[in-house]
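The values are calculated or read from the model by the stated rules, or taken from the named source; none is laboratory data. Predicted, not measured: the structure shown is a model, and the values here were computed from it. Cβ sites come from the backbone with ideal geometry, for glycine too, and all protein chains shown count toward neighbours.
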Amino acid sequence: MVSKYSIAGKSVLQFLFYILIQVLLFKDLVLFESASCMIFIAFLLLLPVSVNRVAGLLIGFAVGFLVDVFYDTLGINAAVCTFLMYARPYWMQVLTPQGGYDNIEFPSISELGFGWFLQYASPLVLFYTLGLFTLEAGSFSFMSRVLLRALSSFVFSMVVIVLVQLLFYHKKKAR
């Protein structure tokens, strides 16, 4: 069993890592004038399974608000991240692995496998990108552009999120 302090410490380090990477590396990186990488939402997706709903909502809002400050997006990220954190526990409940989440700290590839993680993260990242670009457009008259940006950003973000996990998150060795 891992202590709450080591989980909190790991979460703080992840938060700093993802926010710094988002702001310093991916803020101005747009592929083909449509695909943006939203790596910071990996922090929200990889929060401990034990995070309660209210704390999750507050963390989602705070992370989204911080990104809004750097991106000058007037609360759009805060709104979408808050709703993402509202949906996360329900989606995790749908995908509960056999045996539950009792022995699992973080919903990551290293703990639950590649297939499970794709089923878990893909709909949430797609929801995030669709919500973000729809709110950013402010109208349904730009829906083709919104769909292009959302789908291309979804693919770009998922590829980077999976690559980061494969590079930095390793399976725990049994003692």
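Please go through segment 39-93 and give me each residue that is modelled with pLDDT under 90 and among the polar types (S, T, N, Q), ordered by number.
Ser50, Asn52, Thr73, Gln93
If we keep just the residues of segment 13-38 that are assigned to a loop (DSSP other than H, G, I, E, B) and out of contact with any Lys or Arg (no Cβ under 6 Å at 6 or more places or on another chain), which is modelled with the highest pLDDT? Let's see the steps before the verdict.
Going residue by residue through segment 13-38, those that are assigned to a loop (DSSP other than H, G, I, E, B) are 27-29, 32-34, 37-38.
Keeping just the survivors that are out of contact with any Lys or Arg (no Cβ under 6 Å at 6 or more places or on another chain) gives 27-29, 32-33, 37-38.
On the way: Lys27: 74, Asp28: 75, Leu29: 71, Phe32: 81, Glu33: 79, Cys37: 82, Met38: 86.
Filtering first and then ranking leaves Met38.
Name the single residue that is farthest from Val30 (Cα to Cα) among those in segment 118-150 being touching a Phe, Trp or Tyr at 6+ places or on another chain (Cβ under 6 Å) and touching a residue at least 60 places away in the same chain (Cβ under 8 Å).
Of segment 118-150, the ones touching a Phe, Trp or Tyr at 6+ places or on another chain (Cβ under 6 Å) are 125-126, 129, 146, 149-150.
Next, only the ones that are touching a residue at least 60 places away in the same chain (Cβ under 8 Å) stay: 125, 129, 149.
Working: Val125: 17, Thr129: 14, Arg149: 10 Å.
Ranking the qualifying residues of segment 118-150, first place goes to Val125.
Among Leu167, Leu148, Leu126, which is the only one that is more than 16 Å from the chain's Cα centre (by Cα), over 12 Å from Ala42 (Cα atoms) and surrounded by 15 or more Cβ atoms within 10 Å (Cβ to Cβ)? Can you show your working first?
Details: Leu167 fails: surrounded by 15 or more Cβ atoms within 10 Å (Cβ to Cβ); Leu126 fails: more than 16 Å from the chain's Cα centre (by Cα).
It is Leu148.
Would you point out which residue out of Val80, Val63 is part of a helix (DSSP H, G or I) and over 18 Å from Pro107 (Cβ atoms)? I'd like the intermediate steps shown before the answer.
Values: Val63 fails: over 18 Å from Pro107 (Cβ atoms).
Answer to the selection: Val80.
For segment 56-94: of the residues being in contact with a Lys or Arg (Cβ under 9 Å, 6 or more places away or on another chain) and among the aromatic types (Phe, Trp, Tyr), which is nearest to Trp116 (Cα to Cα)?
This residue is Tyr86.
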